[in-house]
Amino acid sequence: MELAPGTYARLPLRGLLVFEAAARRGTFSGAARELAMTQAAISQHIGHLEAELGVTLFARHHRGVELTQAGERLLPRVEEGLQSLASGVASARRHKGTRTVTILTDFGFAAWWLMPRIGELSDLMPEVEIRLITWQGTSDALGTEFDLAVLFGNGQWPGCRAHRLFAEEVFPVCAPSYLGTRTAPLPPAELAGMRLLHLRGAGPTRWFDWADWFAGMGVPPPATKQELAFNNYQIVLQAVMLGQGVALGWTPLIDDLVRAGNLVRLTERPLSSPRGYHLVEPLSRPLPADVARVNAWLRQAAAR
């Protein structure tokens, strides 16, 4: 349904921006840090938005917030709208003559693989502005404008060429403090007695979950459940590192954390699939020289 002319001015844009950040971070304090606001201001914006919409968007807990059903329905639409706005602004900026390369990817890949390496790319191409767009909604990510994308899936995206950077390999991981006196690797059956942390999306799951992992290992799922669920992989890994339980860890997102000793891989054998992270190029336009250099760097960095 299209809005009538003149109604855009009444959209609570600031409240929606705050809502998206709080949903992604899982806490009002995390949203406050990201948006350079106070936690009280974040809470006030969310309260005003809930009052205007007439629904409760978050369930408030001592350690954070969780989306209600109304919040889960709203979030993909807000993400889609903000990405559309970001794409429009990026397109307008290109007319200034600034040399830019826009990379689209999901929150987990951006936070745990790309960000630790982005300085290397910036040093390699100091004359080019690297713009990173993150996406985690169930809507079509390719609806936004980008030069290159790193996306998780089966390698089939209409109108695009895809090159697989990383195959999907999943290991259970936990913090050394949660492992206690036990020594990894553990028998897969032993994990059934641990607290399991889940990544839950608002739409159909595109990745392995714990049921898949137990089935793949030939182990019965837990009879009794000690479980926590989150809708953001960054929050999942933060909970793991705080010793809250065991989560599934994807290569390459967990590799640096395992090498640094922040996480422990609990089994030797991974659960694998034909899916993975792919470098995606749109076929609708040629590959400019700057984009080709970023393309080559991403392939080389992944190979290392």
So LEU53 and LEU85, fully extended at 0.36 nm per residue minus their Cα-Cα distance, gain in nm 9.4 nm
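Go through 207-214, 218-225 and give me the packing order, highest mean Cβ count within 10 Å leading.
Details: 207-214: 17.4, 218-225: 10.8.
Put in order of decreasing packing, that is 207-214, 218-225.
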Amide H to amide H under 5 Å from PHE58: which residues, 5+ apart in sequence or cross-chain, H placed 1.01 Å off N in plane?
-> THR68
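Restricting to Cα atoms and excluding each atom paired with itself, what does the Kirkwood estimate give for the range 152-304 in Å?
Details: mean 1/r = 0.0587 Å⁻¹.
Taking the inverse mean of 1/r over all distinct Cα pairs, the range 152-304 comes out at 17.0 Å.
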Amide H contacts under 5 Å for ILE133, restricted to residues at least 5 apart in sequence or on another chain and with H modeled in the peptide plane, are ILE103, LEU104, THR105
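Go through 270-278, 117-125 and give me the packing order, highest mean Cβ count within 10 Å leading.
Numbers: 270-278: 17.8, 117-125: 12.7.
Listed from highest to lowest mean packing, they are 270-278, 117-125.
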So what are the ³J(HN,Hα) numbers for the range 29-36, from phi and the Karplus equation (6.51, -1.76, 1.60; θ = phi - 60°), rounded to whole Hz, Gly and Pro as x?
-> 5, x, 5, 4, 5, 5, 9, 6
For ALA40 paired with ARG182, estimate the spin-label separation in nm (one decimal), with each label point 7 Å from Cα along the Cα-to-Cβ line.
-> 4.5 nm
Carbon-plus-sulfur fraction of the accessible area of the chain, 1.4 Å probe, in percent?
-> 53 percent
Sequence ranges 18-28, 292-302, ranked by mean other-Cβ count within 10 angstrom, highest first = 18-28, 292-302
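What does the charge count around GLY64 come to, taking other residues whose C-beta lies under 13 Å from its C-beta (Lys +1, Arg +1, Asp -1, Glu -1)?
Details: positive: ARG24, ARG25, ARG60, ARG63; negative: GLU66.
Summing Lys/Arg as +1 and Asp/Glu as -1 gives +3.
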Obtain the nm distance between the two label points defined at HIS198 and THR100 by a simple spin-label model: each point lies 7 Å from its Cα along the Cα-to-C-beta direction.
-> 4.0 nm
Over the Cα atoms of the chain, what is the Rg over Rh ratio if Rh follows Kirkwood?
-> 0.98
Each residue of the range 162-173 in turn: what ³J(HN,Hα) in whole Hz from Karplus with 6.51, -1.76, 1.60 and θ = phi - 60°, glycine and Pro shown as x?
-> 10, 10, 6, 8, 9, 6, 6, 10, 10, 10, x, 9
Read phi for every residue in the range 291-304 and hand back ³J(HN,Hα) as whole Hz from Karplus 6.51 cos²θ - 1.76 cosθ + 1.60, θ = phi - 60°, with x for Gly and Pro.
-> 5, 4, 5, 5, 4, 5, 5, 4, 5, 5, 5, 5, 5, 6
For the pair GLU227 and GLU66, how long in nm is the line joining their label points, each one 7 Å along Cα→Cβ?
-> 1.2 nm
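The values are calculated or read from the model by the stated rules, or taken from the named source; none is laboratory data. It should be emphasised that the depicted structure is a prediction, and the values quoted were computed from it without experimental measurement. Neighbour counts are summed over all protein chains in view; Cβ atoms, including those assigned to glycine, are modelled from backbone coordinates with ideal geometry. The accessibility values were calculated without ligands, DNA or RNA, using every heavy atom of the protein model including side chains. Shrake-Rupley method; radii C 1.70, N 1.55, O 1.52, S 1.80 Å.
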